[in-house]
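The next block holds one structure in the form of structure tokens; read it before the comments.
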Amino acid sequence: DSVSSISETSQYHVEHLTTFVLDRKEAMITVDDGIRKLKLLDAKGKVWTQDMILQVDDKAVSLVDLESKNELENFPLSTIQHCQAVMNACNYNSILALICKEPTQNKPDLHLFQCDEIKATLIHDDIESAISDSKSGKQKKRLETLRMISKADSAIPPPPRAPAPVPPGTITQVDVRSRVAAWSAWASEQGDYEKHRQYHEQEETAEMIAARIDRDVQILNHILDDIEYFVTKLQKAAEAFAELSKRKKTKKNKKKGPGEGVLTLRAKPPPPDEFVDCFQKFKHGFNLLAKLKFHIQNPSAADLVHFLFTPLHMVVQTTGGPELASTVLSPLLTKDTIDFLRYTVTSEEGQLWMSLGDSWTKARTEWPKDHFIPPYVPRFRNGWEPPLLNFMGAPKEQELNHLAESVANVAEQQRKQEMKRLSSEPPGVPDYPPADGYAFSNTAYKRGPLLDQGAAVAAFKQTVSRHVDR
């Protein structure tokens, strides 16, 4: 609806799935070959999507960074050999395929994009009409096509720009995350965690204990999923950085080559807050493993401790050392967790653990009583929320709701302060990592080495992919 003339640019939000080089030796000749390989990669969990803007005008199709608005790639219409929409062929049900070949390239590239907001068929029509008008020298087809796309798009109500407002908390209206956080905060404030746990276990029936264990297992599995996702994200960034470095070494000039823009975007490390979230999930995971050590198997709690130390070492290494992890105070490890880790970890794992400092090695009772420990509210990538334990009595439920309101208010104030702090910091992440590793905007970060622990991570992923069983 914003297009007033054929010279203006249309924009579409897409997800870049992958790029293949069309090579007869690799049995990669057609779009169908690319879709078959995409299915194989997807089945192995090796497809990493990257959000970006795809722009079309009367001269080129270009890819633009969603955040910085920098142009990543530019494909002049004359270099686009083939454009095709592939619908409902696999998990990615609206794929736009572009085959492009610059004059300097020996072999064409096949770029695949998932198109959710505007279907691939409509974007395909836009590109094809632009190519047709470019060849004929007449501005006719694309104008009609853009009008058709505008009508088709307006028939579908756009998604809301912001999430629905959260209603004010009351005794009966408190979100699940705050309730879970409140329970954790209430438990930790009782002083001695072990006495509190033993006291309540005496009161619980077998059914109550089973429900509590089942909930903790579910939370643990979601924590493992999120850690695995984050580690894979780091690996993919490292792979893109390695490929980018290789291309830069073999290039004869400084001009950006085909595909380097997308690689540059993919090589960017995650933002600092995602590292903090991952460290918090490691700590919460260790606490849950200590609670579940007598209740889980295949793998056991001790096995999972060892497997978690592999990605923990990797994430610490990526941030350049233990400095950032040592600043992650909440959640504190429980006394039971600290005793369990001391008994379980190897000497090498123990060295890493001790290097993370007091926030990882001291229980709540070892901190001054007036030292504020922020409540930890776990948030999961897929939006999952832990189930409530419905066997609590009404008085306890009412007390918990009151506490949850205060916890939620504190957490919201902290979130606002953190957002204000981050917005005042000038962005310092470079367009691509320096030659010796990653760089980060936060002063707590240092350059870290590239990740090269594929076998160890594969073992970790194989373990957690089975999920914890009771």
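Some observations on this one:
- Residue match in segment 58-80 (condition: touching an Asp or Glu at 6+ places or on another chain (Cβ under 7 Å), open to solvent by 40 Å² or more (accessible area, probe 1.4 Å), more than 26 Å from GLU228 (Cα to Cα) and among the charged types (D, E, K, R)): yes
- Yes/no for GLU102 being under 25 Å from the mean Cα position of the chain (by Cα), assigned to a loop (DSSP other than H, G, I, E, B) and not small (Gly, Ala, Ser): no
- Residues of segment 351-373 that are of a type in the set (A, V, I, L, M, F, W, C) and open to solvent by 70 Å² or more (accessible area, probe 1.4 Å): MET354, PHE372.
- Selection within segment 328-348 - in a helix (DSSP H, G or I) and open to solvent by 30 Å² or more (accessible area, probe 1.4 Å): LYS335, ASP339, ARG342, TYR343, SER347, GLU348
- The condition of being among the aliphatic types (A, V, I, L, M), at pLDDT 95 or above, at negative phi and not assigned by the TED database to the domain that holds ALA237 holds for only one of ALA89, ALA60, ALA97, that being ALA97.
- Residue in segment 320-331 that is farther than 26 Å from LYS236 by Cβ and not polar (S, T, N, Q) present: yes
- Of the residues making up segment 291-322, those that are more than 22 Å from the chain's Cα centre (by Cα) and in a helix (DSSP H, G or I) are LYS291, ALA301, ALA302, ASP303, VAL305, HIS306.
- Meets criteria (in contact with a Cys (Cβ under 7 Å, 6 or more places away or on another chain), at pLDDT 90 or above and over 30 Å from LYS151 (Cβ atoms)) for LEU22: no
- Comparison of LYS252, LYS195 shows that the only residue that is assigned to a loop (DSSP other than H, G, I, E, B), farther than 24 Å from PHE279 by Cβ and either modelled with pLDDT under 85 or among the acidic types (Asp, Glu) (or both) is LYS252.
- The listed residue being touching a strand residue (DSSP E or B) at 6+ places or on another chain (Cβ under 7 Å) and either at negative phi or modelled with pLDDT of 85 or more (or both), out of THR361, THR319: THR319
The values are calculated or read from the model by the stated rules, or taken from the named source; none is laboratory data. Model, not experiment: these values are computed from the prediction. Cβ coordinates were reconstructed from backbone atoms using ideal geometry, including for glycine residues, and neighbour counts include every protein chain displayed. For accessibility, only protein heavy atoms count, side chains too; no ligands or nucleic acids. Shrake-Rupley method; radii C 1.70, N 1.55, O 1.52, S 1.80 Å.
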